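In what follows, a structure is listed as structure tokens, so that the remarks can point back to it.
The values are calculated or read from the model by the stated rules, or taken from the named source; none is laboratory data. This one's a predicted model, so the numbers in the text were calculated from it and none came from an experiment. Note that each Cβ is placed from the backbone with ideal geometry, even for glycine, and that neighbours are counted across all protein chains shown.
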Amino acid sequence: MMNYFAHETAVIDEGCQIGEGTSIWHFSHVMSDCVIGEKCNIGQNVVVSPKVILGKNVKIQNNVSLYTGVICEDDVFLGPSMVFTNVSNPRSAVVRRGEYTETIVRKGASIGANATIVCGHDIGKFAFIGAGSVVTKPVADYALVVGNPARQLGWMSEYGHRLEFGTEGVAECPESKEKYKLENNIVFKL
């Protein structure tokens, strides 16, 4: 018995693990041997390749491609038409199956519309990748990065607000009132 929703146009290959309360929408393809956690939302025209792992409550907007080697922890947001690569030097005439490079998106991170994540560059927890950015190096926890290539502009709270650190290296999220500390270019919640 299915404990998740799949639109009638979605293609779900055998051998997937799909968590309770997950929704898979129009024209999406979930391939064999992937693991999808509970309460995920997979938008229209999404490809989830073999061996991709999604934690709980991952939100994937329309037209996203998740290729083998991608791991998203809990509460990750993937914006419309963003893409992950999984081979750093692709060539049509050279077979590189089985040489996929892993990319981990840590808990609570958000990746904006049309962003590209070049394989092998992990995204830190609660990081915020701006729309259209091209990530070519690892992104720190709570970092705000934008551009092509992506460069860090600041820090974000777990609620998605820009953090302004005072002289003591402490910032407060205007929505949650949670406090954060910046020390040695590392942010952590107090």
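Which of the residues spanning region 1-30 are of a type in the set (Gly, Ala, Ser) and either farther than 21 Å from residue 86 by Cα or surrounded by fewer than 18 Cβ atoms within 10 Å (Cβ to Cβ) (or both)?
Within region 1-30, the first condition is being of a type in the set (Gly, Ala, Ser), and the residues that meet it are 6, 10, 15, 19, 21, 23, 28.
Within region 1-30, 6, 10, 15, 19, 21, 23 qualify.
Please work out which one of (1) touching a residue at least 24 places away in the same chain (Cβ under 8 Å); (2) buried (at least 17 other Cβ atoms within 10 Å of the Cβ) is the condition residue 102 fails and give its number.
The one condition residue 102 does not meet is (2).
Checking the conditions here, which among 141, 75 is under 25 Å from residue 32 (Cα atoms), part of a loop (DSSP other than H, G, I, E, B), modelled with pLDDT of 95 or more and charged (D, E, K, R)? First the steps, then the outcome.
On the way: 141 fails: under 25 Å from residue 32 (Cα atoms).
Residue meeting the stated conditions: 75.
Which ones in region 31-52 are within 22 Å of residue 107 (Cβ to Cβ), surrounded by 18 or more Cβ atoms within 10 Å (Cβ to Cβ) and touching a Cys at 6+ places or on another chain (Cβ under 8 Å)?
Selection gives 34, 36, 48, 49, 52.
Go over the candidates 57, 62, 86 one by one and state the one that is modelled with pLDDT under 95, buried (at least 17 other Cβ atoms within 10 Å of the Cβ) and closer than 27 Å to residue 6 by Cα. Lay out the reasoning, then the answer.
On the way: 57 fails: modelled with pLDDT under 95; 62 fails: modelled with pLDDT under 95.
Only one candidate qualifies: 86.
Within region 147-159, can you find the residues that are in a strand (DSSP E or B) and of a type in the set (A, V, I, L, M)?
Of region 147-159, the ones in a strand (DSSP E or B) are 151-156.
Residues satisfying the conditions are 153, 156.
Being of a type in the set (Val, Ile, Thr), closer than 23 Å to residue 121 by Cα, touching a Phe, Trp or Tyr at 6+ places or on another chain (Cβ under 9 Å) and surrounded by 14 or more Cβ atoms within 10 Å (Cβ to Cβ): is that true of residue 170 here?
On the way: of a type in the set (Val, Ile, Thr): yes; closer than 23 Å to residue 121 by Cα: no; touching a Phe, Trp or Tyr at 6+ places or on another chain (Cβ under 9 Å): yes; surrounded by 14 or more Cβ atoms within 10 Å (Cβ to Cβ): yes.
No: the conditions fail for residue 170.
Six or more apart or on different chains, Cβ under 7 Å: which pairs go from a residue in region 71-84 that's among the small types (Gly, Ala, Ser) to one that's surrounded by 21 or more Cβ atoms within 10 Å (Cβ to Cβ) and assigned to a strand (DSSP E or B)? Could you list them?
Pairs found: 79/111.
Please state which one of 165, 128 is surrounded by 14 or more Cβ atoms within 10 Å (Cβ to Cβ), out of contact with any Pro (no Cβ under 7 Å at 6 or more places or on another chain), in the same structural domain as residue 187 (by TED's automatic domain parsing) and not hydroxyl-bearing (Ser, Thr, Tyr). Show your work before the answer.
On the way: 128 fails: in the same structural domain as residue 187 (by TED's automatic domain parsing).
Going through 165, 128 in turn, just one is surrounded by 14 or more Cβ atoms within 10 Å (Cβ to Cβ), out of contact with any Pro (no Cβ under 7 Å at 6 or more places or on another chain), in the same structural domain as residue 187 (by TED's automatic domain parsing) and not hydroxyl-bearing (Ser, Thr, Tyr): 165.
Give region 160-177 a look and list any residue that's touching a strand residue (DSSP E or B) at 6+ places or on another chain (Cβ under 6 Å) and not in a strand (DSSP E or B), or say none.
Passing the criteria: 163, 164, 165, 169.
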